[in-house]
Amino acid sequence: MKTVHGYRVLATIGNKFAIACNPKAPQPWVIWRIDRSGDFYGGEYMFDKDSALRRFRQLGFKGVI
């Protein structure tokens, strides 16, 4: 996966959302939105993995279930 602003992208959902991690950052987890050009924007930065994963699932699967 790619690295964006020092964060390693771990997964994407439908080319609309990405979750990434940078263990050296003050808030090591981030959820980004992905625009049509594939650029990342609108980061939601978090302190812990569980919160990041929960938010990633909420955004990525909203309206699916």
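Report the full-extension gain for the segment Gln27 to Phe61: residue separation times 0.36 nm, less the Cα-Cα distance, to one decimal in nm.
That works out to 9.9 nm of additional length.
Counting pairs of alpha carbon atoms under 8 Å apart in space and at least six apart in sequence, what relative contact order in percent does the chain give?
Once divided by the residue count of the chain, the mean separation gives 24 percent.
Only one of the values (i) 13.6, 35; (ii) 12.1, 36; (iii) 11.1, 35 was calculated from this structure for Rg and Dmax of the Cα atoms in Å; name its label.
Comparing each candidate, only (iii) matches the computed number.
May I ask which residue of Leu59, Trp32, Asn22 lies farthest towards the positive end of the charge dipole of the chain, with charges of +1 (Lys, Arg) and -1 (Asp, Glu) on Cβ and the Cα centre as origin?
Leu59
Each value in this text was obtained by applying a stated rule to the coordinates, not by laboratory testing. Keep in mind the model is a prediction, meaning the values are calculated, not measured. For neighbour counting, all protein chains shown are included, and Cβ atoms are generated from backbone atoms with ideal geometry for every residue, glycine included.
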